[in-house]
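Report on the following structure.
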């Protein structure tokens, strides 16, 4: 049996088995972790095999696709797997980071009563995500796309008895659905022109088909809608911060490392569609830039340890989308990989903090944790530095490439990117200093704080090492694109990249590296803007009003239709009409014999005339 | 024009006129007598059609028995001549409409069918052949008609019974 | 030349007269008389066909029709008498309780 299928279906098998074995917690966890570790090991093996084969033979690694639905000569839907550099990279990221998070969950969810259910959902998610990564045609990726949305719903709303969690999971699913609507429309549009669903076929057929100019842009933008939903780009970004209601491993796995990256992956996979349309690329890069800047601004005014990280994810996703829009899929994927490492690291360390403080999440109730949880502090520090782009951690390299791309193509976007980088280091510094430095603000929780167990710390170490070294030797870019990225020596850029994170961290140190830091100076400087940022630019309120307005309108139309057309018109009309007919016919029965005789005669004459043949 | 044709026109015109007078008279007795006249002319038409037996039966039964019954009933019920006219404009219009429609239907039908101008030479209208047919092929209807007349007779007797005293007494006696 | 169509026309007119009489007159007895005219019209038609097409069946049928007509008149008049005893009128307009 082909290795690829084992990697894909092992988590599904684990999830199904856990359904029956829910009572045995250890067994459930073992199944789930075993499945993903198997996936990781086999992915590494696949990786080595891929490297050892010459390029022409590399396609042999893909298993033969299964013809799933054949509609005579119209179309065929396959179920297959595509193994190339892109999918192998994603396989390694998903299974690698996923394994770390699975092991982490052993410790984090230990006290939770629904322990087994958590692992079942995690395995389901892993299956769906791997499905996306391995898909070789549009329909398959769409199916797994939706499955991932479902897993996300199950995991965000894991503590479903909490109203906020239930609301958040609904919100995530619905906003995703909006994006998926565009996605499906795009898929169907492409199918109309090329008649095929497969990526390889479409890559060849699109330049020759009638799908050009305007229609191509439309199709590209519709497909991008799917990425907007999944990767939480403006304006469909509203679900990601609320998704922090889920347990921290979920936030790490889904909303930092893998699921949100699925959008980027999909964009790179279907880049043949975008490369023909300048307009679409332009739109994409700008949406990415706007998202990056907007999220960074909001993060400055947030007070929940996980929410800051969520907005930071949004911001970095904006970077990736911007990179794709500027034509640099390699750069986007590079940043995706490094981001997966350090963002997962950051989330897991935040989780470690939350665990240590017995589920306290407000940063203003923390402080001085450096002494109590040193290892966690170290992990968080590494993550912060990587995210800020400090040399020589991995984030520096990937950000460098993206900034270079922006500099060459669109100076305005470059300026936005620089500003965002500054803000990123600023708010990350703020979070670092407020949580780990200074004096403890809440003495009760501080006194009970303790370092997390080994099962939690080991994944942190693993991810920490990767965050440090993933950018070295240009290894990653070389793997993604065989030729690698062009080497550059741009001193201007080099200085910027050293200066910006430093200044950001420096400014935050100035404001927050004290015994009793507070947001007062920030609020004074920003003034009314602070309120705007704290309320996330009022997007949620705007959407709420929009939906209420449109739904109200729709409800009114439906009510009108139901009341007047259906009820008064059809139903009452039917009964009333029958009554009228009855009333009318009743008057024929007058009891008047002569009238009856008249009708008989008339009827007779008419019948005779009717029966006569025409001459 | 031969005599039979003239006779045909005379008889049919007179018959139709009498029929019309039946409808227009105010006095029911006058209507009855006009009807008798109509029957007699009709019998004349029957003779022209060489249906001698039927003509005889027509006068005997229709004019002789049926119309007499009518006049008896008129006298029994003591029906006076009505003062107001026998029909209103509305009724006349309705009747006129119906009649004209029927006439139109009749005319159209006749237009579409083929005419037989000469009476068939194979016809033998004598009594013997008619009766032979009656008592062989139509034996069953003949017997049934007899039954029907019997039933009619019984029905008439029952219907025209007065609510007699012994009936009333018997219904009161049974509690 | 008197053709079949002549006789049929006469029969038709007589029938029309009969059914018109049914609609026009109020007095039940006159209505009966009009019905008799109808039956006679049918007889005439039967005999005309019988004569012009050469078969005897028409005459046999006329025989039956006359018999039935007589029976019908008897029964009808008996009903009329019974009704008169009850409602004291022979106008059929007054007999209209079978209405909605």
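Results, tabulated for the structure shown:
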quantity: For the range B:1-78, radius of gyration divided by Kirkwood radius, i.e. Rg to Rh on alpha-carbons; calculated: 1.05
quantity: Computed over the range A:227-298, Cα set: Rg, Dmax in Å; calculated: 13.3, 42
quantity: Relative intensity, log₁₀ I(q)/I(0), of chain C from a Debye sum that treats every alpha carbon as a point, q = 0.10, 0.11, 0.21, 0.23 Å⁻¹; calculated: -0.37, -0.44, -1.05, -1.16
quantity: With Cα atoms, 0 to 90° folded angle of helix A:138-156 axis to chain A main axis; calculated: 70 degrees
quantity: Potential lengthening between residue A:362 and residue A:566 on full extension [0.36 nm per residue; Cα-Cα distance subtracted]; calculated: 68.0 nm
quantity: Acute angle (nearest 10 degrees) that the helix A:278-300 long axis makes with the longest principal axis of chain A, alpha-carbon atoms; calculated: 60 degrees
quantity: Value of relative contact order over chain A, rounded to a whole percent, pairs C-alpha under 8 Å and six or more apart; calculated: 12 percent
quantity: Volume per residue of the C-alpha convex hull in the range A:199-351, rounded to whole Å³; calculated: 91 Å³
quantity: q = 0.15, 0.17, 0.19 Å⁻¹: log10 I(q)/I(0) that the Debye formula gives for the range A:288-426, counting C-alpha atoms only; calculated: -0.70, -0.86, -1.03
quantity: P(r), alpha carbons of the range A:343-393 - 5 Å bins starting at zero, rounded %; calculated: 5, 21, 30, 24, 13, 6, 2
quantity: Relative counts (whole %) of C-alpha pair distances in the range C:16-56, using bins that are 10 Å wide; calculated: 32, 35, 21, 11, 0
quantity: Chain B - mean residue ellipticity at 222 nm from DSSP helices (-39,500 (n - 2.57) per run, n ≥ 4, rounded to 500); calculated: -23500 deg cm²/dmol
quantity: MRE, 222 nm, helices only [DSSP H, n ≥ 4, -39500 (n - 2.57), over chain A, to nearest 500]; calculated: -24000 deg cm²/dmol
quantity: From the C-alpha gyration tensor of the range A:66-224, square roots of 5λ in Å; calculated: 35, 19, 13
quantity: With eigenvalues of the C-alpha gyration tensor scaled by 5 and rooted, the range B:1-159, Å; calculated: 31, 27, 17
quantity: Degrees between helix A:3-20 axis and first principal axis of chain A (Cα, 0 to 90, nearest 10); calculated: 70 degrees
quantity: Residue B:126 versus residue A:447: modelled label distance in nm, points set 7 Å from Cα along the beta carbon direction; calculated: 14.8 nm
quantity: Per-residue Cβ neighbour rank within 10 angstrom, fewest leading, C:52, A:530; calculated: A:530, C:52
quantity: Per-residue Cβ neighbour rank within 10 angstrom, fewest leading, A:170, A:531, A:372; calculated: A:531, A:170, A:372
quantity: Hydrodynamic radius (Kirkwood) for chain A, which is based on Cα pairs only, to one decimal in Å; calculated: 26.5 Å
quantity: Ranked A:217, A:337, criterion: other C-beta atoms within 10 Å, fewest first; calculated: A:217, A:337
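Where a number appears in this text, it was derived from the coordinates with a stated rule and is not lab data. The structure displayed is predicted, hence computed values, not measured ones. Here Cβ is always computed from backbone atoms with ideal geometry, including for glycine, and neighbour counts include all displayed protein chains.
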